[in-house]
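**Q** Here you go, one structure.
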Amino acid sequence: MKPKFVFAASIDLTSVCNLDCRHCYLEKRSDRDLSDSQWIERIESLKREHPLLLHAVWFGGEPLLRRKLLVELLSRFRYNSVFSNGLLPLSGLPENCAVQISIDGTEKIHDFIRGEWTFRKTIANMLSAPENRYAVSFTINRFNADCIEETVEFFARPDAPKILGIHFNFHTCRDVSDIFGIEDVKRQEVLDLMEKLHAKHRDLLFITPTMIRDLRPTPRIYTKNCPFNTGFMVSIDSMGNRKTPCWYGESRCEDCGCCLAYEYSPKNLFHPQAAWKLARLFANSR
Ligand SMILES: C[S@@+](CC[C@H](N)C(=O)[O-])C[C@H]1O[C@@H](n2cnc3c(N)ncnc32)[C@H](O)[C@@H]1O
Ligand code: SF4
Ligand code: SF4
């Protein structure tokens, strides 16, 4: 899709990572990153190309591996979301950014997916970071779908890190051999559970009843309104090139598990529930 009124961009600041998670779609290569000065130039050209570009979603790799550059580039956008595995220092990021920390289940399951000790290290890091402006991003797959409730209850505990809320996405399969995807019957069970959890922990979950309803049909109907498919969002890889169709690179929209693609669609962005969510997420932004 040709970009139209691009208001958001996802940017792979680096294709390098300090983890090698089992479910990750990204090919990690250290020879594929722009230098600091090339990035600054590329971001300026991107903004010239898309004058309505207000929001950058920083992906990777692990964007905090290039912290100094990241901080410099955050200042060039009104709103920022930084996705991180939460293993590197979190404090001291500017106020115009919401940090989304990936937690993919209880300690045992998260460590199975992301590597030994990663759960404890990430939680300890979140607890030691002073600001209460972290959201958790949970990617639902075949291996963690049964520990969603326990993970939500963990974050509801008073001794858990204070978070703005939990985002859920479903795993997006790279191809038919990808074993992390979940079957449709299981997906419906997960959405039933989401209804139950939303009733109990309304303030902890970003997912809403309308969204749960819209995520149910198969084939996925919401994906045609995805901001990438409607030309309102672009994705940039670590070489500064357009990545199509979206942050996942080559993927099949029929199997898309991305809930952000739903939330950021022009159709849903102005829904009162979505507006409330964004207000919560960016409450600290000036
Ligand atoms: C690619 S990572 C980059 C940022 C950072 N390294 C992290 O782990 O949050 C961004 C998000 O994509 C998710 N992700 C990775 N592979 C995925 C897949 N195949 N389908 C859906 N989400 C995926 C990760 O779990 C993470 O929440
Ligand atoms: S930390 Fe993020 S980028 Fe790195 S391997 Fe895991 S999901 Fe992929
Ligand atoms: S795979 Fe999902 S996020 Fe990517 S373009 Fe298709 S619908 Fe959008």
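Derivation of every value follows stated rules applied to the coordinates shown; laboratory data play no part. Source: prediction; values computed, not measured. Cβ atoms come from the backbone with ideal geometry, glycine included; neighbour counts cover every protein chain shown.
**Q** Based on DSSP H runs of at least 4 residues, each adding -39500 (n - 2.57), what is the mean residue ellipticity at 222 nm of the chain after dividing by all its residues, to the nearest 500 deg cm²/dmol? Write out the running numbers ahead of the final one.
**A** Working: 10 runs with 93 residues, N = 286.
That calculation yields -9500 deg cm²/dmol at 222 nm.
**Q** Going by average Cβ neighbours within 10 Å, how do the peptides 138-150, 205-217 rank, with the highest at the top?
**A** Working: 138-150: 19.2, 205-217: 17.7.
Highest-to-lowest ranking by the protection proxy: 138-150, 205-217.
**Q** Rounded to the nearest 5, what is the percent of antiparallel bridges among the DSSP beta bridges in the chain? Mind showing how you got there, number by number?
**A** Details: 1 of 30 bridges.
If we restrict to bridges inside the chain, about 5 percent are antiparallel.
**Q** Below 15 Å, Cα to Cα, which aspartates and glutamates can Lys28 reach? Residues fewer than 8 away in the same chain don't count.
**A** Within the straight-line cut-off, Lys28 pairs with Asp12, Asp20, Glu62, Asp237.
**Q** Oh, and also: Enter the Cα centre distance for the pair segment 1-62 and segment 208-227, rounded to the nearest angstrom.
**A** Here the two parts' Cα centres lie 26 Å apart.
**Q** Can you give the alpha-carbon Rg of segment 1-49 over 2.2 N^0.38 Å, where N counts its residues?
**A** Details: Rg = 13.7 Å, N = 49, 2.2 N^0.38 = 9.7 Å.
In units of the globular-protein estimate, segment 1-49 measures up at 1.42.
**Q** Provide the gained length on full extension for the span Val71 to Ser128, in nm with one decimal, where the gain is 0.36 nm per separating residue minus the Cα-Cα distance.
**A** So the chain would gain 18.5 nm between Val71 and Ser128.
**Q** Is the chain best put as rounded, prolate or oblate by its Cα gyration tensor, with a ≥ b ≥ c the root eigenvalues, rounded for a/c under 1.5, and otherwise prolate when a/b is larger than b/c, oblate when not?
**A** Details: a/c = 1.35, a/b = 1.17, b/c = 1.15.
Rounded is the answer for the chain, as its axis ratio a/c remains below 1.5.
**Q** Continuing with this model, one more query. Sort 113-123, 5-15, 177-187 by packing, meaning the average of other beta carbons within 10 Å per residue, with the highest value first.
**A** Details: 113-123: 18.2, 5-15: 21.9, 177-187: 13.8.
Taking the mean over residues of other Cβ atoms within 10 Å, the ranking is 5-15, 113-123, 177-187.
**Q** Let me ask another. Between Lys4 and Glu254, with labels modelled 7 Å along Cα→Cβ, what's the label distance in nm to one decimal, could you check?
**A** About 2.5 nm separates the two model spin labels.
**Q** Given the pairs Lys108/Lys162; Lys186/Lys224; Lys121/Lys200; Lys68/Lys196, which span a C-alpha to C-alpha distance of over 32 angstrom in this model? Before the final figure, lay out the partial values.
**A** Working: Lys108/Lys162 21 Å; Lys186/Lys224 23 Å; Lys121/Lys200 28 Å; Lys68/Lys196 42 Å.
Over 32 Å apart, Cα to Cα: Lys68/Lys196.
**Q** Just report the Cα centroid separation between segment 148-170 and segment 93-107, whole Å.
**A** If you average the Cα positions of each part, the centres end up 12 Å apart.
**Q** Give the calculated FRET efficiency between Asp31 and Lys186 to the nearest 0.05, with a Förster radius of 45 Å applied to their Cβ-Cβ distance.
**A** Details: r = 39 Å, r/R0 = 0.86.
After rounding to 0.05, the efficiency reads 0.70.
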